[in-house]
Amino acid sequence: PREEVAYVTCTYRETCIDQPDFLATVDLNPRSPYYGQVIHRLPMPNLKDELHSSGWSAGCTCFDNTTAKRNKLILPCLISSRIYVVDVGSQCRAPKLCKMIEPVDVFWKCNKGYLCVVHSLPNGDVLISNMGDPAGNGKGGFIVLDGENFELKGNWENECEAPPSGYDFWYQPRHNVLISTAGLVPKRAGRCFNPDDLKKGVFGRRLNVWNLSCRTLVQCFDLGEDSLPLSVKFLHNPDAAEGYVSCALSGIVYRFYKCEANNWSVEEVIRIPAKDVTGWIMPKMPAFTVDLIISTDDKYLYLSNWLHGDIRQYELSRSCKPRLVGQVFVGGSILRGGPVTVCRDEELKCQPDPLVIKCKRVYGGPSKMQLSLDGKRLYVTNSFYSTWDKQFYPNLVKEGSVMLQIDVDTEKGGLTVNKNFLVDFGKEPNGPCLAHDIRFPCGDSTS
């Protein structure tokens, strides 16, 4: 079915507004009088959590349980390391908080912090990745919640196998594999992006291959110093033994695939060149691909390019070489008339124009995306992480986030901004906020 509501994580951290983060429910039904509006807000009980990613308590991977429902949404907090469990099944248009796990429990039981990405496991439990230890040092790995009562069970991996950093992950049960990416060191890069941190191990470089059933690390790929592999996705076909990972700082997308003897390999398939610029923090501006999504039919791959400002659509052909078929700019740092001047650009002939929708100037760049199940509507928000938002896009923090809809040509490829859709988080009752993750209760392309 077509998506009728979306749940969007929103934070007030770094906005100078002393209000708790909240989960926004957005009406996506074009026939509704509230279409494109926030119809419900669920405030969290604490301040400065930094709601970031979200994930379902159950999904289609729970193949032994046909009664599994997407009725609980798990909200891990990036900064506080708190975990909220939200009931969206009782009233899908008015979610309510049903459980909270305090940071001290996560710290003492798991020695983990800075919680990131959520997925339900095949056995029904919930897996949450993390980026650091309680002190903010780099430390990857996962914590596990019981899938029924959401009690904290402990760490997923053995303590000796925790990677130096972590962020995103995805898995394929039929191949008994989980792939995870590397994040950054929270106590260093969490304060701001500092070019002096480059070549000092602050930004991750590894792609990790895990044995899903044994919970052991079996392979590691070094994708290059300061490559910062963030987003990783397998193809949706449950028999497929391949997927893609995007590296934020290097601008490279790698394809990983299974070869003989259960070993895995990686190959570079997309490279977005950095732009030579003036008026910016460095003389070269990387693409900084925050999110990667694959359509449910495995036909298209989408990338959000947070610094340059564009969303890219690639066709996934059988030759394993993705082909760029759609591109649209929805903000970014290289817009015409801005403080940054592009001196050399391998792709564009001129700098793109600012985006204005319904008389609102859109600031920031595309960050998190969510794709409708039929692949025709791509929704996008423009907050990446509050501290970096404030550093690179101060007007975004001042004016508030937006959620946009990109119309997709699913036949030939192509992207178009829908000028009739705008969720303006700058008009929130408590003041402008920053919106990030998007989920559909009917099912989405990242569950």
Out of Ser246, Ser227, which single residue is part of a strand (DSSP E or B) and either in contact with a Ser or Thr (Cβ under 6 Å, 6 or more places away or on another chain) or more than 22 Å from Gln327 (Cα to Cα) (or both)?
-> Ser246
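Out of all the residues in the range 192-220, which are assigned to a loop (DSSP other than H, G, I, E, B) and open to solvent by 40 Å² or more (accessible area, probe 1.4 Å)? Lay out the reasoning, then the answer.
Within the range 192-220, the subset assigned to a loop (DSSP other than H, G, I, E, B) is 192-194, 198-202, 204-205, 212-215.
Passing the criteria: Cys192, Asn194, Leu198, Lys199, Lys200, Gly201, Arg205, Ser213, Cys214, Arg215.
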Hey, can you tell me all the residues within the range 323-359 that are in contact with a strand residue (DSSP E or B) (Cβ under 7 Å, 6 or more places away or on another chain) and either of a type in the set (Asp, Glu) or open to solvent by 40 Å² or more (accessible area, probe 1.4 Å) (or both)?
-> Arg323, Leu324, Gln327, Phe329, Thr341, Cys343, Arg344, Asp345, Gln351, Pro354
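Residue-wise test of (1) touching a strand residue (DSSP E or B) at 6+ places or on another chain (Cβ under 8 Å); (2) hydroxyl-bearing (Ser, Thr, Tyr); (3) open to solvent by 40 Å² or more (accessible area, probe 1.4 Å).
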position	(1), (2), (3)
Leu73	yes, no, no
Arg93	yes, no, yes
Cys98	yes, no, yes
Asp105	yes, no, yes
Trp108	no, no, yes
Tyr114	yes, yes, yes
Gly124	no, no, no
Met131	yes, no, no
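Does Cys433 satisfy the criteria of being surrounded by fewer than 20 Cβ atoms within 10 Å (Cβ to Cβ) and of a type outside the set (Ser, Thr, Tyr)?
Working: surrounded by fewer than 20 Cβ atoms within 10 Å (Cβ to Cβ): no; of a type outside the set (Ser, Thr, Tyr): yes.
So Cys433 fails the test.
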Identify, from the list Ser333, Ser317, the residue that is over 16 Å from Ile406 (Cβ atoms), free of Cβ contacts under 8 Å to residues at least 12 places away in the same chain and of a type in the set (Ser, Thr, Tyr).
-> Ser317
Output the residues belonging to the range 164-178 that are assigned to a strand (DSSP E or B) and surrounded by fewer than 24 Cβ atoms within 10 Å (Cβ to Cβ).
-> Phe169, Trp170, Tyr171, Gln172, Val177
Considering the range 293-330, residues that are touching a Pro at 6+ places or on another chain (Cβ under 7 Å) and of a type in the set (Gly, Ala, Ser), and then whichever is nearest to Lys349 (Cα to Cα), we arrive at Gly309
Answer yes or no: is there a residue in the range 225-237 that is crowded, with 16+ Cβ neighbours inside 10 Å, under 23 Å from Pro122 (Cβ atoms) and of a type in the set (Gly, Ala, Ser).
-> yes
Odd one out for Asn158 among (1) at pLDDT below 95; (2) surrounded by fewer than 16 Cβ atoms within 10 Å (Cβ to Cβ); (3) out of contact with any strand residue (DSSP E or B) (no Cβ under 8 Å at 6 or more places or on another chain); (4) more than 19 Å from Ile74 (Cα to Cα) | (3)
With respect to Asp291, is the statement that it is in contact (Cβ under 8 Å) with a residue 60 or more places away in the chain, closer than 18 Å to Gly204 by Cβ and of a type in the set (Asp, Glu) true?
-> yes
Please tell me if Val380 is open to solvent by less than 40 Å² (accessible area, probe 1.4 Å), touching a Leu at 6+ places or on another chain (Cβ under 9 Å) and β-branched (Val, Ile, Thr).
-> yes
Give just the number: which of (1) in contact (Cβ under 8 Å) with a residue 12 or more places away in the chain; (2) surrounded by fewer than 22 Cβ atoms within 10 Å (Cβ to Cβ); (3) in a strand (DSSP E or B) does Ser265 not satisfy?
-> (1)
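Working only within the range 133-152, note down all residues that are open to solvent by 10 Å² or more (accessible area, probe 1.4 Å), under 24 Å from Glu50 (Cβ atoms) and more than 20 Å from the chain's Cα centre (by Cα).
Matches in the range 133-152: Asp133, Pro134, Ala135, Asn137, Phe150, Glu151, Leu152.
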Quick one: would you say Gln370 is open to solvent by less than 20 Å² (accessible area, probe 1.4 Å), modelled with pLDDT of 95 or more, out of contact with any Ser or Thr (no Cβ under 7 Å at 6 or more places or on another chain) and not basic (Lys, Arg)?
-> no
Consider only pairs whose beta carbons are under 7 Å apart and that are at least six residues apart or on different chains; among these, list those whose first residue lies in the range 401-414 and is within 16 Å of Ser317 (Cα to Cα) and whose second residue is among the charged types (D, E, K, R) and assigned to a strand (DSSP E or B).
-> Gly413/Glu315
Where a residue in the range 100-126 is modelled with pLDDT under 95 and its partner, wherever it lies, is open to solvent by 70 Å² or more (accessible area, probe 1.4 Å) and among the aromatic types (Phe, Trp, Tyr), with Cβ under 7 Å and at least six apart = Pro122/Phe63
Can you pull out the residues in the range 1-59 that are small (Gly, Ala, Ser), within 15 Å of Phe421 (Cβ to Cβ), within 22 Å of the chain's Cα centre (by Cα) and not in a strand (DSSP E or B)?
-> Gly36
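Here is a check on your reading of the model: is Gly279 over 22 Å from Asp168 (Cβ atoms), free of Cβ contacts under 8 Å to residues at least 60 places away in the same chain, among the small types (Gly, Ala, Ser) and open to solvent by 30 Å² or more (accessible area, probe 1.4 Å)?
no
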Give Leu396, Leu404 a once-over and let me know the one that is open to solvent by less than 20 Å² (accessible area, probe 1.4 Å), in a helix (DSSP H, G or I) and either under 30 Å from Ile281 (Cβ atoms) or out of contact with any Leu (no Cβ under 9 Å at 6 or more places or on another chain) (or both).
-> Leu396
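The values are calculated or read from the model by the stated rules, or taken from the named source; none is laboratory data. Because the structure is a prediction, the values reported are computed rather than measured. Every residue, glycine among them, receives a Cβ derived from its backbone with ideal geometry; neighbour counts consider all protein chains shown. Protein only, heavy atoms only, side chains kept; ligands, DNA and RNA dropped before computing areas. Shrake-Rupley method; radii C 1.70, N 1.55, O 1.52, S 1.80 Å.
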